[in-house]
1. Ignoring everything but the protein chains, give the 1.4 Å probe accessible area of K145 in square angstrom, nearest 10.
2. Could you compute how much accessible surface F44 exposes when probed at 1.4 Å, giving the result in Å² to the nearest 10?
3. Using +1 at the Cβ of each Lys and Arg and -1 at the Cβ of each Asp and Glu in the stretch 52-166, identify which of A144, I94, Q104 lies farthest towards the dipole's positive end.
4. Extension gain R112-R179, at 0.36 nm per residue separation less the Cα-Cα distance, in nm?
5. Please calculate how many Å² of accessible area the stretch 131-198 carries per residue, with a 1.4 Å probe and no DNA, RNA or ligand atoms counted.
6. Between A186 and Q81, what length in nm is gained on full extension when 0.36 nm per residue of separation is reduced by their alpha carbon distance?
Amino acid sequence: MFRTRVLQALCLTALPLLLLSACDPAPIESDESPTTASFIPQDFSPPTRVEGPDFELQPLGPALVEVDFVAYMSSIEHLQQTFTRSTSWPHEGITDEDAMLDMQSEQGRFERRESFAYAVLTPDGTRERGCVYIHPSDKAGYDAKVSLWTTEEEFDAGFDQELYAWVRTWVADQWPFERVAFPGRAIPWEVWDELPAR
């Protein structure tokens, strides 16, 4: 009886936040989308270092902020035309703080298993040749979407196509997806943009 009166008092006088938690037994919905929640199985461990023929992949994070910054800032116009389709990234004026926040965000998404961003480094780790991103698909019919870029210098040397071929095999062999999309490559952007959302 006493407990009932206490709960009634709380429901009448407590702050809105308390009202939500004490008076409404319904669970609070997670911000995690269905695509993200089912992106990879719980027993799958995303690789944290992968050796390629003449490069290696490492997850993006604060430790790589300098080599990553140098790579994309060397190829601003090239990446705007071949990777992002916009002038929003990369662009002149990106600060050290911006670059670090980006690396922290990528590391956080990797640790939360929301998406996986990798730097493509030279074998000695001193130079970034490009990046690879694995995200949950936002389009129906695909489990994941993969994108990648290389610096303008590496692109001109033919490394972009070499990396793309390698990544396709790697994802097919090592990741737990049935259908993977490569927008802007295997699927033209205009086709991808028109696909129904998940």
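1. 50
2. Here the accessible area works out near 30 Å².
3. With unit charges placed on the Cβ atoms, the residue in question is A144.
4. Going from the current span to full extension adds 21.9 nm.
5. With all protein chains present, the stretch 131-198 gives 51 Å² per residue.
6. This chain segment gains 36.1 nm when fully extended.
The values are calculated or read from the model by the stated rules, or taken from the named source; none is laboratory data. Since the structure is predicted, the reported quantities are computational estimates derived from the model, not experimental observations. Ideal geometry is used to build each Cβ from the backbone, glycine not excepted, and the neighbour counts take in all protein chains shown. Areas reflect the complete protein model, heavy atoms only, side chains present, ligands, DNA and RNA absent. Shrake-Rupley method; radii C 1.70, N 1.55, O 1.52, S 1.80 Å.
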